[in-house]
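The values are calculated or read from the model by the stated rules, or taken from the named source; none is laboratory data. Values in this document were obtained by computation on a predicted structure and should not be read as measured data. Neighbour counts are summed over all protein chains in view; Cβ atoms, including those assigned to glycine, are modelled from backbone coordinates with ideal geometry. Only protein heavy atoms, including side chains, enter the accessible area calculation; ligands, DNA and RNA are left aside. Shrake-Rupley method; radii C 1.70, N 1.55, O 1.52, S 1.80 Å.
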Amino acid sequence: MAGETNGPIDAYVALNLVKGIGPRLQTILLERFGSPETVLRASDAELSSVPGIGKKIIDALRHDDHRDMARRELADCEANDLSVITHDCQDYPPLLRQIPDPPLVLYCRGRIEPRDQLAVAIVGSRNCTLYGRRMAEQFAGGLARAGITVISGLARGIDAVAHRAALQAGGRTIAVCASGLLKMYPPEHTNFALEIAQQGAVISESPLLRSASRGLFPQRNRIVSGMCLGVIVIEASRTSGTLHTARHAMEQGREIFAVPGPLDSRESEGCHQLIRDGVQLVRGVDDVLEGLGPLMQPVQMQYTPPAARRQSTAEPAPQSTQTVEVQVPRQLNLSDQQTQILNLITNDPILVDTIIEQSGIEASRVLSTLTILQMKKLVERLPGNQVVRSRFL
């Protein structure tokens, strides 16, 4: 039910259940006391010395038996086939661990996998136009076919379209909810969430029965951006909550991409503002892959070459996929031959003659391909006719 953790899981869940202690205070308390277990055992005097902790929160800690509440919460998780991932679990998303005030606990239906480090968020208007729907379908479907996990917030509009397009493309998608997983919002997406969990995961930091409220959505948005390498904004008005996700992404050092819309469309005013402020305009999946930075660690994944990815008919045939080690997303934008040769190059120097021999490709084509890979900053030339994976990924 839960990943491996360095402390009692019920202590994590218990601290997460305390009313008035949100992500910021959780982080402050952990920095002061070291673990949820120690926080729960702290005296009133020790707690009151922490900035932001007043009598109301101390009373809340003392009034309820949060450890007992946590055990009931964990029993409900087990009964509903949900897992709990705490901040120090091995399977806690590495990218999310980097952000300010990361979630102490993630409730999860489905499974988060290592390849989900290769993820892009797609967010946008709840009141999307037909144009916005078409763009969300194109970006989400194309990214999913390339092996990118699509992350969004399960809201109506662009979020739902992105999740659906990723599923239809046979890819992975992760939905981040503001409400608890047993209090799904919007309620009409309850069955949709079960579909998503079959090909990805539905997650939330909120306790299972917490209802959605206005203040939870900005908190949710920091997780959406925190779990990905980049955020694509498709249709956002000037006052859209989607722009909060973009701001979180900026603060977290994530790439931000904006899809332009008709100049007279109110639903695209926010996107045009982002573009005017220097956010990268993207025309398609290839632009996104070129703009993403390196992964924290290489990911083994099934990869669909661009030729198969761009087919306008049915999904690519199974034989068109390859297993590759991805260190930087722009690798997914290479031709079949470029991918084949790059896969022969590691972090250790290798002779060009060895690459020619192992590839079985004509020497002149190998040399020209290596030049392209060098221009794309994926490989480096070394003395002695050797090459190595680039250190500047």
Name the helices (runs of 4 or more DSSP H) wholly within segment 140-226 that hold at least 1 residues that are more than 21 Å from Cys77 (Cα to Cα) and of a type outside the set (A, V, I, L, M, F, W, C)? 158-168, 216-226
Pull out all pairs, ordered by first then second residue, where Cβ-Cβ is under 7 Å, the residues are six or more apart or on different chains, the first lies in segment 45-67 and is under 18 Å from Tyr12 (Cβ atoms), and the second is of a type in the set (Gly, Ala, Ser) and part of a helix (DSSP H, G or I). His66/Ala14; Arg67/Ala14
Options Leu106, Leu95: the member that is modelled with pLDDT of 90 or more, under 24 Å from Gly253 (Cα atoms) and assigned to a helix (DSSP H, G or I): Leu95
Consider Ala246 carefully, then state whether it is crowded, with 17+ Cβ neighbours inside 10 Å, at negative phi and either β-branched (Val, Ile, Thr) or at pLDDT 95 or above (or both). no
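Give the residue that is most open to solvent (accessible area, probe 1.4 Å), with candidates limited to residues of segment 110-139 that are assigned to a strand (DSSP E or B) and small (Gly, Ala, Ser).
Gly110
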How many of the residues in segment 36-53 are at negative phi, surrounded by 12 or more Cβ atoms within 10 Å (Cβ to Cβ) and under 35 Å from the mean Cα position of the chain (by Cα)? 9
Has segment 83-91 got at least one residue that is touching a helix residue (DSSP H, G or I) at 6+ places or on another chain (Cβ under 7 Å) and part of a helix (DSSP H, G or I)? no
Between a residue in segment 68-90 that is modelled with pLDDT of 95 or more and any residue that is open to solvent by less than 60 Å² (accessible area, probe 1.4 Å) and among the basic types (Lys, Arg), which pairs come within a Cβ distance under 9 Å, given they are 6 or more apart or on different chains? Asn80/Arg109; Asp81/Arg109; Leu82/Arg109; Ser83/Arg109
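Show me the helices (runs of 4 or more DSSP H) found entirely inside segment 268-310 where at least 1 residues are out of contact with any helix residue (DSSP H, G or I) (no Cβ under 9 Å at 6 or more places or on another chain), at pLDDT 75 or above and open to solvent by 50 Å² or more (accessible area, probe 1.4 Å).
Working: elements: 269-276, 285-291, 306-309.
Answer list for segment 268-310: 269-276.
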Scanning segment 142-170 residue by residue, those open to solvent by less than 10 Å² (accessible area, probe 1.4 Å), over 21 Å from Thr245 (Cα atoms) and not hydrophobic (A, V, I, L, M, F, W, C) turn out to be Gly142
Could you check segment 347-393 and list, in sequence order, the residues that are open to solvent by 60 Å² or more (accessible area, probe 1.4 Å) and either assigned to a strand (DSSP E or B) or within 18 Å of Gln327 (Cα to Cα) (or both)? Asn347, Asp348, Pro349, Leu351, Ile372, Gln374, Met375, Lys376, Lys377, Arg381, Arg391, Phe392
I'd like to verify a number: residues in segment 215-240 that are under 21 Å from Gln273 (Cα atoms), out of contact with any strand residue (DSSP E or B) (no Cβ under 9 Å at 6 or more places or on another chain), modelled with pLDDT under 95 and not hydroxyl-bearing (Ser, Thr, Tyr), how many? 2
Among (1) part of a strand (DSSP E or B); (2) within 20 Å of Asp101 (Cβ to Cβ); (3) small (Gly, Ala, Ser), there is one condition Ala258 misses while meeting the rest; what is its number? (2)
Could we say that Pro100 is surrounded by fewer than 19 Cβ atoms within 10 Å (Cβ to Cβ) and either on the phi < 0 side of the Ramachandran plot or part of a helix (DSSP H, G or I) (or both) here? yes
So Leu263 passes all but one of these: (1) crowded, with 17+ Cβ neighbours inside 10 Å; (2) modelled with pLDDT of 90 or more. Which condition number does it fail? (1)
